[in-house]
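Everything below concerns the one structure shown next.
The values are calculated or read from the model by the stated rules, or taken from the named source; none is laboratory data. Since the model is a prediction, treat every value here as computed from it, not as a measurement. We place every Cβ from the backbone using ideal geometry, glycine too, and count neighbours over all the protein chains shown.
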There are 2 protein chains.
Amino acid sequence: MYPESLENLIECFKYLPGIGEKTAERLAFSVLEMSDERVDYFQESIKSAKTFIHSCPICNVLTDQEQCNICSSDVRDDSLLCVVEDPKSVFLFEKLGMFKGRYHVVKGLISPKEGIQPEDIELGKLIERIKNANFKEIILAFRPSIEGETTSLYIKRILGDLNIKISKIASGIPIGADMEYIDAMTLERALLDRKNVE
Amino acid sequence: MYPESLENLIECFKYLPGIGEKTAERLAFSVLEMSDERVDYFQESIKSAKTFIHSCPICNVLTDQEQCNICSSDVRDDSLLCVVEDPKSVFLFEKLGMFKGRYHVVKGLISPKEGIQPEDIELGKLIERIKNANFKEIILAFRPSIEGETTSLYIKRILGDLNIKISKIASGIPIGADMEYIDAMTLERALLDRKNVE
């Protein structure tokens, strides 16, 4: 019903996550209203991002350099390693600006239910890196879930005989949340992990 | 903070209407996960849509042909002209499949408040077309609003001395709507335009 090249563009937008029919149409129409320069820039950005962005060979963070900025930096704390489940988590921590150590991105979380084994998420590379470095603490920053827990326990077991502190980020009630809307598992965890008021 | 080419892509997505920071990031990351073929297809679709889609010289509908399919068709009803405020409205009517006449797209609606005059929306082209054709009825299908009303009245006045019926689509309570959520202006219009129960 739309001209073919418009139909194709709508289909491309619909392929993106969380974009439905109506939104895809709106986005495609907005492209038609852009200046020629803007359209060139948009399509070149897509091509460049796909061409130049790859995983850092050391930590798996996304980068367009040979090694990522964090691995290349000589002002980061070499005693701390934060292990996350996807490259995006690194950017979230960096936005926060609080953590000054190194990162390692594993490729997802162990999930027996979905048949994801330790070798699928390349834990070997992480273990190897830890054994060859001098980290004093490994901070596991996975999302609180059965998969996150399983992956944490597995890493803890493998690294058990090395003299390294292994911690995980706290889970509990988010700051500012309405108690009414907190799920039972989070509430249970918050209760179990209660802290002394000091 | 993100690698530059990823940052650029996020910025491009953020430039699209209704796409905020978080969504733009999600979309950009999804591009990185696409296959190379998919990425090529996406960026070529953007380029093609912008290159080949233009306004039909007769009715202003978007097309990738010299003239749009509707103007080129010889099975449409030449006695009916539906005037809409943007190309998208034509596709909405065509999806419905009920209207078999011709269309004309004006470039927006007259708005004294925003300084949009009749000449800005190229009403001259519409008037010229009507004078040179044999339409029996002009259906104005603008969104119900002060601007829609102003534009309708202006067209009605200009065409007053031609012997052509000028109608506009009905406004009122949408089918299936909850009365509680209907705004006062719509309710007032629905009351004023009440019809005999037959």
- Task: Out of the residues in the stretch A:165-198 that are touching a helix residue (DSSP H, G or I) at 6+ places or on another chain (Cβ under 7 Å) and part of a loop (DSSP other than H, G, I, E, B), state the one that is nearest to A:SER79 (Cα to Cα).
- Result: A:SER171
- When B:LYS47 is run through (1) closer than 20 Å to A:SER5 by Cα; (2) under 12 Å from the mean Cα position of the chain (by Cα), the failure sits at (2)
- Of the residues in the stretch A:19-33, those that are within 7 Å of chain B (Cβ to nearest Cβ) and among the charged types (D, E, K, R) come to A:ARG26
- Going by the conditions given, is A:ILE127 in a helix (DSSP H, G or I), outside the structural domain of A:VAL31 (by TED's automatic domain parsing), under 28 Å from A:ASP161 (Cα atoms) and in contact with a Leu (Cβ under 8 Å, 6 or more places away or on another chain)? yes
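If you go through the stretch A:84-105 one residue at a time, how many are closer than 20 Å to B:SER30 by Cβ and out of contact with any strand residue (DSSP E or B) (no Cβ under 6 Å at 6 or more places or on another chain)?
Our first condition is that a residue be closer than 20 Å to B:SER30 by Cβ; within the stretch A:84-105, this holds for A:84-92, A:95, A:105.
This time we only want the ones that are out of contact with any strand residue (DSSP E or B) (no Cβ under 6 Å at 6 or more places or on another chain), so: A:85-86, A:88-89, A:91-92, A:95.
Matching residues across the stretch A:84-105 total 7.
On the given criteria, is A:GLY108 more than 8 Å from chain B (Cβ to nearest Cβ), surrounded by fewer than 20 Cβ atoms within 10 Å (Cβ to Cβ) and of a type outside the set (Ser, Thr, Tyr)?
Working: more than 8 Å from chain B (Cβ to nearest Cβ): yes; surrounded by fewer than 20 Cβ atoms within 10 Å (Cβ to Cβ): yes; of a type outside the set (Ser, Thr, Tyr): yes.
Here the answer is yes, as A:GLY108 does meet what is asked.
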- Message: Criterion first (under 28 Å from A:ILE10 (Cα atoms) and touching a residue at least 24 places away in the same chain (Cβ under 8 Å)) does B:PHE93 satisfy it?
- Response: yes
- Task: Starting from the stretch B:106-128, keep only residues that are closer than 14 Å to B:GLU85 by Cα, then list their pairs with residues that are aromatic (Phe, Trp, Tyr) whose Cβ atoms are within a distance under 8 Å, requiring at least 6 positions of separation or different chains.
- Result: B:LEU109/B:PHE142; B:ILE110/B:TYR154; B:PRO118/B:TYR154; B:LEU123/B:TYR154
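Mind listing whichever residues of the stretch A:41-55 are out of contact with any helix residue (DSSP H, G or I) (no Cβ under 7 Å at 6 or more places or on another chain), part of a helix (DSSP H, G or I) and either more than 8 Å from chain B (Cβ to nearest Cβ) or under 27 Å from A:SER89 (Cβ atoms) (or both)?
Applying the first criterion (out of contact with any helix residue (DSSP H, G or I) (no Cβ under 7 Å at 6 or more places or on another chain)) to the stretch A:41-55 yields A:44, A:51, A:54-55.
Of the ones still in play, those that are also part of a helix (DSSP H, G or I) are A:44, A:51.
Of everything in the stretch A:41-55, just one residue is out of contact with any helix residue (DSSP H, G or I) (no Cβ under 7 Å at 6 or more places or on another chain), part of a helix (DSSP H, G or I) and either more than 8 Å from chain B (Cβ to nearest Cβ) or under 27 Å from A:SER89 (Cβ atoms) (or both), namely A:THR51.
If a residue has to be loosely packed, with under 14 Cβ neighbours inside 10 Å and assigned to a helix (DSSP H, G or I) to count, how many in the stretch A:19-37 make the cut? Full working, then the answer.
So in the stretch A:19-37, the residues loosely packed, with under 14 Cβ neighbours inside 10 Å come out as A:20-22, A:33, A:35-37.
If we keep only those that are assigned to a helix (DSSP H, G or I) too, we end up with A:21-22, A:33, A:36-37.
Adding up the residues that qualify gives 5.
Each row is one residue, and each column tells you yes or no for (1) among the β-branched types (Val, Ile, Thr); (2) exposed (fewer than 13 other Cβ atoms within 10 Å of the Cβ).
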{"site": "B:GLU119", "(1), (2)": "no, yes"}
{"site": "B:PHE135", "(1), (2)": "no, no"}
{"site": "B:GLY148", "(1), (2)": "no, no"}
{"site": "B:LYS156", "(1), (2)": "no, no"}
{"site": "B:ILE169", "(1), (2)": "yes, no"}
{"site": "B:ALA190", "(1), (2)": "no, no"}
- Message: Could you check the stretch B:8-18 and list, in sequence order, the residues that are within 26 Å of the chain's Cα centre (by Cα), within 7 Å of another protein chain (Cβ to nearest Cβ) and surrounded by 19 or more Cβ atoms within 10 Å (Cβ to Cβ)?
- Response: B:CYS12, B:LEU16
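Just to be sure before I move on: is B:ILE158 hydrophobic (A, V, I, L, M, F, W, C), modelled with pLDDT of 80 or more and in contact with a Phe, Trp or Tyr (Cβ under 7 Å, 6 or more places away or on another chain) in the structure I sent? Explain how you work it out, then say what you get.
Working: hydrophobic (A, V, I, L, M, F, W, C): yes; modelled with pLDDT of 80 or more: yes; in contact with a Phe, Trp or Tyr (Cβ under 7 Å, 6 or more places away or on another chain): no.
Considered against the rule, which asks whether it is hydrophobic (A, V, I, L, M, F, W, C), modelled with pLDDT of 80 or more and in contact with a Phe, Trp or Tyr (Cβ under 7 Å, 6 or more places away or on another chain), B:ILE158 comes out as no.
If I filter the stretch A:61-87 down to residues being within 16 Å of B:GLU7 (Cα to Cα) and in a loop (DSSP other than H, G, I, E, B), which single residue comes out as nearest to the other protein chains (Cβ to nearest Cβ)?
Within the stretch A:61-87, the subset within 16 Å of B:GLU7 (Cα to Cα) is A:61-65, A:68-69, A:87.
Applying the additional criterion that residues be in a loop (DSSP other than H, G, I, E, B) yields A:61, A:64-65, A:68.
Numbers: A:VAL61: 9, A:ASP64: 4, A:GLN65: 7, A:CYS68: 8 Å.
Only one residue fits best here, namely A:ASP64.
Rundown of residues vs (1) closer than 29 Å to A:ILE121 by Cα; (2) among the hydroxyl-bearing types (Ser, Thr, Tyr); (3) touching a helix residue (DSSP H, G or I) at 6+ places or on another chain (Cβ under 7 Å), yes/no style:
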position	(1), (2), (3)
A:LEU6	no, no, yes
A:ILE10	no, no, yes
A:PHE13	no, no, yes
A:PRO17	yes, no, yes
A:ALA24	no, no, yes
A:ALA28	no, no, yes
A:LEU62	yes, no, yes
A:LEU80	yes, no, no
- Message: Exactly one condition in (1) aliphatic (A, V, I, L, M); (2) touching a residue at least 12 places away in the same chain (Cβ under 8 Å); (3) assigned to a helix (DSSP H, G or I) is false for B:ILE58; which is it?
- Response: (3)
